[in-house]
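What follows is one structure encoded as structure tokens, with my remarks underneath.
The values are calculated or read from the model by the stated rules, or taken from the named source; none is laboratory data. Values in this document were obtained by computation on a predicted structure and should not be read as measured data. Cβ: placed from backbone, ideal geometry, glycine included. Neighbour counts: every protein chain shown. Note: accessible area is taken over every heavy atom of the protein model, side chains too, but ligands, DNA and RNA are not part of it. Shrake-Rupley method; radii C 1.70, N 1.55, O 1.52, S 1.80 Å.
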Amino acid sequence: MEFIIENEGGLRLGIFGAVMALMMGLEAMFARKKRTQGRGHRWLTNLLIIVVDSLTVRLIFPIVAAGAALWAQAKGFGLLNVTNFPLWLDITISVIILDMMIYWQHVASHKIPMLWALHQMHHVDRDIDATTGIRFHPIEIIASMLYKMLCIIILGAPMAAVIIFEITLNASAVFNHANMRLPLKLDAVIRKFLVTPDMHRVHHSVIPAETNSNYGFALSIWDRLFGSYIDQPREGHDSMIIGLPHHQHDGPSSLIWSLILPFGRGLKRARQWL
């Protein structure tokens, strides 16, 4: 575990980069759905968004999620800091509970108009691929970081668990947004445990009932357990329309358009959508 803690930055960046490169390669060879837009401009915008998000977090937060875990441990705060479980069990419990809390955060981002106004920047992407998994508004990233830090402190999650969880969350987001065709039998097996691209693609449908389903990022159990699971899109994966119905244009491929979307008309649209 010391290796994970001491090499947090390198591990996170290395695994993220490797998963992103792998998914992009598999998308090129085994595309699941025909694109509506060219890759270049859209990819540039989505990749620039993660740069903006990363800089925003580093500038605003003196510590990030792993730092919150270290602080809670030093202060003795959190449920797991007052138990005597072995470290491996603390890590397992932490990763599972944090994944469930991210599920509920995702649900809230669809149900609360102000949060949806921010989250819709993720949903307006008219194609879904690995880069969509990193397309989140910087203000939503700030809110998400505050929420995660609160969950980590209350839980008393070990620092190693938080690092493992963050790596898993980022890798899962890239994987389950990938425009990649998995053999149906393999998909059926994997989705019993993990969210697959076909499972999550339903969540990016323009049909509201489908948009408000399949909220999970890593573990697929939460959607089944809490009644938000839809197996397949009504129109089928080949024919389904991705994005939001009132933004079927080229605006989402623009960085500036995407960043200002939540404000003004974007917030009004959010209320109408809900």
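Looking at G38, is it closer than 22 Å to M240 by Cβ and open to solvent by less than 60 Å² (accessible area, probe 1.4 Å)? Against the criterion (closer than 22 Å to M240 by Cβ and open to solvent by less than 60 Å² (accessible area, probe 1.4 Å)), G38 qualifies.
In region 60-77, the residue that is surrounded by the fewest Cβ atoms within 10 Å (Cβ to Cβ) out of those that are part of a loop (DSSP other than H, G, I, E, B) and modelled with pLDDT under 85 is P62.
Of all the listed residues (V107, V57, V95, V19), the sole one being out of contact with any helix residue (DSSP H, G or I) (no Cβ under 8 Å at 6 or more places or on another chain) and in a helix (DSSP H, G or I) is V107.
Those residues that are without any contact (Cβ under 8 Å) to a residue 24 or more places away in the chain and surrounded by 12 or more Cβ atoms within 10 Å (Cβ to Cβ), I need them from region 1-12; list them, please. Once the filter is applied, which keeps residues that are without any contact (Cβ under 8 Å) to a residue 24 or more places away in the chain and surrounded by 12 or more Cβ atoms within 10 Å (Cβ to Cβ), region 1-12 yields only N7. Just one residue in the set S213, S205, S172 is open to solvent by 10 Å² or more (accessible area, probe 1.4 Å) and of a type in the set (G, A, S); that residue is S172.
Could you check, for region 35-54, whether at least one of its residues is in contact (Cβ under 8 Å) with a residue 40 or more places away in the chain, in a helix (DSSP H, G or I), more than 15 Å from K148 (Cβ to Cβ) and in contact with a Phe, Trp or Tyr (Cβ under 8 Å, 6 or more places away or on another chain)? Within region 35-54, one or more residues are in contact (Cβ under 8 Å) with a residue 40 or more places away in the chain, in a helix (DSSP H, G or I), more than 15 Å from K148 (Cβ to Cβ) and in contact with a Phe, Trp or Tyr (Cβ under 8 Å, 6 or more places away or on another chain). Of the residues making up region 103-127, those that are of a type in the set (A, V, I, L, M, F, W, C) and open to solvent by less than 10 Å² (accessible area, probe 1.4 Å) are W116, A117, M121, V124. Inspect all residues belonging to region 142-155 and state whether any of them is over 16 Å from the mean Cα position of the chain (by Cα), under 28 Å from E8 (Cα atoms) and open to solvent by less than 10 Å² (accessible area, probe 1.4 Å). Yes: one or more hits.
Residue selection: T83 fails the criterion of being buried (at least 18 other Cβ atoms within 10 Å of the Cβ) and hydroxyl-bearing (S, T, Y). Would region 229-244 turn up any residue that is surrounded by 15 or more Cβ atoms within 10 Å (Cβ to Cβ), modelled with pLDDT of 95 or more and more than 27 Å from F30 (Cα to Cα)? No, because not a single residue in region 229-244 is surrounded by 15 or more Cβ atoms within 10 Å (Cβ to Cβ), modelled with pLDDT of 95 or more and more than 27 Å from F30 (Cα to Cα). Restricting attention to region 247-266 and to residues that are in a helix (DSSP H, G or I) and modelled with pLDDT under 90, the residue that is surrounded by the fewest Cβ atoms within 10 Å (Cβ to Cβ) turns out to be R265.
Residues that are under 15 Å from the mean Cα position of the chain (by Cα) and not in a helix (DSSP H, G or I) within region 189-211 comprise L194, V195, T196, listed in sequence order. May I ask you to verify whether A130 is within 25 Å of V19 (Cα to Cα), small (G, A, S) and crowded, with 23+ Cβ neighbours inside 10 Å? Yes: the conditions hold for A130.
The rows are residues; the columns are (1) in contact with a His (Cβ under 9 Å, 6 or more places away or on another chain); (2) within 28 Å of A68 (Cα to Cα).
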residue	(1), (2)
V124	yes, no
I163	no, yes
T168	no, yes
N176	yes, yes
N179	no, no
L182	no, no
T196	no, no
H203	yes, no
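I134 - would you say it is modelled with pLDDT under 95, within 30 Å of P158 (Cβ to Cβ) and in contact with a helix residue (DSSP H, G or I) (Cβ under 7 Å, 6 or more places away or on another chain)? The answer is yes for I134. Residues being within 12 Å of the chain's Cα centre (by Cα) and either more than 26 Å from W43 (Cβ to Cβ) or not aromatic (F, W, Y) (or both) are entirely absent from region 76-86.
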